[in-house]
Amino acid sequence: MSDNEALDTQICTPQPFLKWAGGKRGLLPEISSRIPRFSGTYFEPFLGAGAVFFDQSPGRKKIVSDSNRDLIEVYEVIRDNCGALIEALRTHKNTKEHYYAVRGWDREEDFFQKWSKVERAARFIFLNKTTFNGLYRVNARGQMNVPFGSQSTANWVQRDVLTAVSRFLGTRDPDGNLTAQLSSGDYREITRLARPGDFVYLDPPYAGTFTHYQSGGFGPAQQEELRDEILRLSEAGVPVLLSNSDVPLVHELFTNEKGLTTEYVGIRRMIGASKESRVRVREVLVNNFHLIGEK
C-alpha cells in the first residue's frame with residue numbers, strides 16, 4: 001500500500017473525490033434540509049464534484065450532467081473500470097516536473113488517440129489533487145493551465161473513496177438499469193426532461209467568479225437564461241433549488257418579485273487564489289417551492 005493510500009479511511013458511503021471551486025460539501029446540510037420530498041427523478045445538470053448527488057439514495061433514479069466532458073468521462077471510468085483507474089493513479093508522482101509533463105498531455109495533437117480513457121481520467125484526478133488550490137481552469141483552447149500546487153500530502157489514489165463511488169454509480173434497479181444516468185452537454189438538455197414529481201438541483205458556475213471552467217464560460221447572459229429556465233420549470237410544476245453567489249447580479253435576476261424565494265447562508269470557502277480569500281462568505285439559495293405549492 002502506498003503512502004497516498006494509507007491516508008484513506010474505510011468509507012462505505014460515496015463522497016466527492018475531487019477538490020472543486022464552489023463544491024457543496026460544506027453547504028450540504030443546508031441544502032439537504034431544504035430539498036422537498038419527491039417521488040420521481042433527481043436532476044443535477046451542473047454536476048461538478050457531486051456532493052448533493054452523492055447524498056441521494058443509490059436506488060433513486062438520477063439524471064446528472066456537466067458541460068465539462070472530461071469530468072463526465074472521469075465518472076464513467078470510475079463506474080466502469082475503477083480497478084484499472086486506481087492502478088493508473090498509482091503511476092503518478094507528486095513532483096513539479098511530473099505535474100507539468102502530465103498537464104502538457106492535452107497540448108499533444110494525438111491526445112485522445114495516445115491516451116486511453118483510463119489514463120485520461122487518472123490524469124484529471126491527479127492534476128486536480130496536485131494543482132494550485134484545486135482549481136480547474138482551461139484556456140481558450142480547452143487546455144488545463146493551472147500551476148503546480150506544491151502540496152506534500154496530496155492524495156490522488158483514494159482507493160476506498162473511488163470504490164465507494166464506483167458502487168454508487170453502478171447501482172441498478174430491479175430491471176437491471178443503472179439508477180444514475182450520466183451525460184455531458186447544455187444543462188437544458190436534461191432539465192427539459194423533468195416532470196411534476198421530480199426535483200432539480202442547480203449549481204451553476206457562480207456569478208461574479210471565474211468563468212473559465214470550460215472554454216466558453218458562463219457569464220451574465222447565461223445566468224439570465226438559467227433564471228428563465230427556472231421559471232419555465234415552475235410553470236411545468238417542477239420544484240427547483242438553486243445555489244449561487246451573493247452578488248448584485250444574482251439579486252437582480254432572482255428576486256421575490258418573480259415568485260422565487262431567496263435565502264442567504266454562510267459557508268467557509270477553502271479554495272481560492274490566496275489564503276486571505278479562504279474566508280466565510282454568504283451564498284444564495286433560491287427555490288420555486290412557493291410557486292409549485294400554488295398549482
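Coordinate-derived values only; no laboratory data. It should be emphasised that the depicted structure is a prediction, and the values quoted were computed from it without experimental measurement. FYI the Cβ positions are ideal-geometry reconstructions off the backbone, even for glycines, and counts take in every protein chain you see.
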Next on the checklist: I need the full set of residues from the stretch 73-109 which are buried (at least 16 other Cβ atoms within 10 Å of the Cβ) and of a type in the set (Ser, Thr, Tyr), in order please.
Outcome noted: 75, 99
Checklist entry - Hey, any hits in the stretch 48-57 for a residue that's in contact (Cβ under 8 Å) with a residue 24 or more places away in the chain, surrounded by fewer than 21 Cβ atoms within 10 Å (Cβ to Cβ), over 11 Å from the mean Cα position of the chain (by Cα) and not in a helix (DSSP H, G or I)? => result yes
Checklist entry - Is the stretch 88-101 home to any residue that is closer than 25 Å to residue 245 by Cα, in contact (Cβ under 8 Å) with a residue 60 or more places away in the chain and of a type in the set (Lys, Arg)? => result no
